[in-house]
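Right, one structure below, let's go through it.
The values are calculated or read from the model by the stated rules, or taken from the named source; none is laboratory data. Just so we're clear, the structure is a prediction, and the values are computed from it rather than from any experiment. Glycine gets a Cβ as well: all are built from the backbone with ideal geometry, and neighbour counts include every protein chain shown.
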């Protein structure tokens, strides 16, 4: 969250907001807004976002997806 919502790293351009991520048919990248695509992005990284492979348990990934589905950030 510190990258996508607070941008405390002062990234230019700032990373896209994750609020209401699944209320759209596509992600900010244009990829389909699906659990599978979010998992691929989180684990594989994209552009300035590093890979988080090996840093999430299955339960943690499930919790992250559930949180993103709430739309609350």
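From the list 71, 44, 54, 30, which one is without any contact (Cβ under 8 Å) to a residue 24 or more places away in the chain, out of contact with any strand residue (DSSP E or B) (no Cβ under 7 Å at 6 or more places or on another chain) and surrounded by 12 or more Cβ atoms within 10 Å (Cβ to Cβ)? Break it down stepwise before answering.
Values: 71 fails: without any contact (Cβ under 8 Å) to a residue 24 or more places away in the chain; 54 fails: surrounded by 12 or more Cβ atoms within 10 Å (Cβ to Cβ); 30 fails: surrounded by 12 or more Cβ atoms within 10 Å (Cβ to Cβ).
Within the list 71, 44, 54, 30, the selection yields 44.
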Take residue 37 and decide whether it is within 11 Å of the chain's Cα centre (by Cα) and modelled with pLDDT of 95 or more.
yes
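Looking only at residues that are part of a loop (DSSP other than H, G, I, E, B), out of contact with any helix residue (DSSP H, G or I) (no Cβ under 7 Å at 6 or more places or on another chain) and farther than 14 Å from residue 64 by Cα in the stretch 1-10, which one is modelled with the lowest pLDDT? Don't jump to the end; show me each part of the working.
At the first step, the residues of the stretch 1-10 found to be part of a loop (DSSP other than H, G, I, E, B) are 1, 7-10.
Then keep just the ones that are out of contact with any helix residue (DSSP H, G or I) (no Cβ under 7 Å at 6 or more places or on another chain); that gives 1, 7, 10.
Add one more test, that the residue is farther than 14 Å from residue 64 by Cα, and what stays is 7, 10.
On the way: 7: 58, 10: 73.
Applying the filter and picking the extreme gives 7.
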Kindly check whether there is at least one residue in the stretch 14-22 that is touching a residue at least 40 places away in the same chain (Cβ under 8 Å), in a helix (DSSP H, G or I) and under 21 Å from residue 71 (Cβ atoms).
yes
